[in-house]
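Here's the structure, in structure tokens; my notes come after.
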Amino acid sequence: MTDDTLHDRFIEWLVGGASGEPPRDLAIHAALCPQCARWIAAHDALAAINPSRAALPTSRPAVAALPSSVRTAGRFAATAGAVLLVGGTAAFTAGQVINGNLGPFAHPTGAVLGITGSPEPSPSVGLPAPTATPTPAPTAAST
Amino acid sequence: MDRTRAATLRPSAEEGMLRAAFRELHGAPLHGFALLVTLGDRRLAERLAAEALADGARHARALRHPERAAAWLRARVARNIPRRTPAPPNDADRRSALAPLGVNEVAFQALRRLEPRARTALVTAWIERLDDRDVEQVLHLRPWRRSRLVDRARRQYLDAYLRAAPGPPPLATDPAASGPLASRVRAVTLRTLSPGRGSA
């Protein structure tokens with residue numbers, strides 16, 4: 001059997017999981033082959049890794065700390081609150097429109113229609129109050 | 001009154017102990033798994049592991065079988081790995097996070113060449129040696145797809161390792177090669193070549 005065949009068979013055994021002991025002919029070949037030594041090193045480098053050497057995770061999950069039922073209830077409450085707020089605002093506004101009591105937003109015409117009587121005179125601010133000018137009485141001399 | 005109170009407290013105390021035991025049993029290996037699949041992203045690995053552990057602890061009663069529980073936890077971590085991380089660590093940080101687990105420089109270079117999913121396959125099947133059905137659960141794959149992915153991941157890792165590694169001397173002349181496979185190969189060789197092997 002050639003070295004190439006032994007080499008290929010050893011790699012095949014290795015990639016296949018390398019379980020148990022290698023066949024004797026393959027072991028002898030692998031012990032003398034520099035290429036196989038690298039494959040063995042690659043395999044053993046993985047075997048040297050031990051995930052259990054990590055520490056316990058310390059950070060507390062921000063979201064997962066709450067059970068999913070609590071999260072769902074929270075979302076439901078937020079949605080219901082938003083719906084109530086929007087609905088309440090809409091109802092209030094509609095009521096105000098129906099009553100015609102819109103304060104500063106009231107239409108001028110509508111406000112006038114709702115008032116009876118005549119407006120009271122308001123004092124002028126910028127102009128002086130008009131004063132009566134005496135007109136000269138007709139005299140006998142002028143005629 | 002006291003008896004009633006004790007009876008109401010007992011289940012929650014038992015639950016607390018169960019959760020603590022669950023966390024103690026699975027915490028470190030799960031964190032190590034998360035570090036490996038995220039290639040040493042400490043912050044991300046810790047968050048993923050902590051979330052999975054908190055969720056698993058709540059189902060500790062149902063997750064009594066340790067190997068099935070390990071697969072369940074790893075599946076949760078694998079599912080939640082983001083495609084992109086906003087601030088990935090640099091290589092020096094990654095190396096220093098993985099070195100305590102036993103990841104040497106060449107293995108780091110080789111693991112780096114793998115996609116996260118291939119890395120997950122390699123870690124579960126080859127490093128942690130999980131059962132095939134557990135690997136399938138972690139990867140969320142059917143058996144034949146799992147087999148293909150694991151084989152591909154192994155080949156990619158080995159190819160990348162051979163590319164990155166300096167050429168070591170043959171095993172027979174290298175006393176430094178002391179890994180489990182090197183020891184097995186050496187033992188079979190010595191037994192085969194020793195004079196009294198026929199009598200054994």
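The values are calculated or read from the model by the stated rules, or taken from the named source; none is laboratory data. In this text, all values refer to a predicted model and were calculated from it rather than measured experimentally. No Cβ is skipped: glycine too gets one built from the backbone with ideal geometry, and neighbour counts run over all protein chains shown. To get the accessible areas, we keep the full protein, side chains included, count just its heavy atoms, and leave off ligands, DNA and RNA. Shrake-Rupley method; radii C 1.70, N 1.55, O 1.52, S 1.80 Å.
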> Once fully extended, how much extra length lies between B:A164 and B:S12, figured as 0.36 nm per residue of separation less the alpha-carbon to alpha-carbon distance?
Replying inline: 49.4 nm
> Shape call for segment A:3-49 from the C-alpha gyration tensor, a ≥ b ≥ c root eigenvalues: rounded (a/c under 1.5), prolate (a/b greater than b/c) or oblate?
Replying inline: prolate
> With every protein chain present, what is the per residue accessible area of chain B (1.4 Å probe, Å²)?
Replying inline: 56
> Efficiency by 1/(1 + (r/R0)^6): what FRET value for A:R53 and A:T79, r their Cβ-Cβ distance, R0 = 56 Å, to the nearest 0.05?
Replying inline: 0.75
> Once both axes come from the Cα atoms, what is the angle between helix B:66-79 and the longest principal axis of chain B, in degrees from 0 to 90, rounded to 10?
Replying inline: 90
>> Can you tell me how segment B:42-163 classifies by the Cα gyration tensor, rounded, prolate or oblate, using a/c under 1.5 as the rounded cut?
In response: oblate
>> I need the phi-derived Karplus couplings for segment B:150-163: 6.51 cos²θ - 1.76 cosθ + 1.60, θ = phi - 60°, integer Hz, Gly and Pro marked x.
In response: 5, 4, 5, 5, 4, 5, 4, 4, 4, 4, 5, 5, 5, 5
>> Let me make sure I get this right: for segment B:66-111, a, b and c are the square roots of the gyration tensor eigenvalues over alpha carbons, sorted descending. Under 1.5 in a/c it's rounded, otherwise prolate if a/b > b/c, else oblate. Which is it?
In response: oblate
> Once the other residues with Cβ under 12 Å from the Cβ of B:R142 are scored (Lys, Arg +1; Asp, Glu -1), what is the net sum?
Replying inline: +2
> Each label point is 7 Å from the Cα along the Cα-to-Cβ direction; what then is the distance between the points at B:A187 and A:Q35, in nm?
Replying inline: 2.8
> Considering every residue in A:25-34, what mean count of other chain Cβ atoms within 10 Å of its Cβ is obtained?
Replying inline: 6
>> Residues of segment B:31-52 that become at least 50 Å² less accessible with every protein chain present than in their own chain isolated, using 1.4 Å: which are they?
In response: B:E46
> Are there trypsin sites (Lys or Arg not before Pro) in segment B:4-104 that DSSP puts in a loop and that have at most 16 other Cβ atoms within 10 Å, and which ones?
Replying inline: B:R61, B:R64, B:R83, B:R84
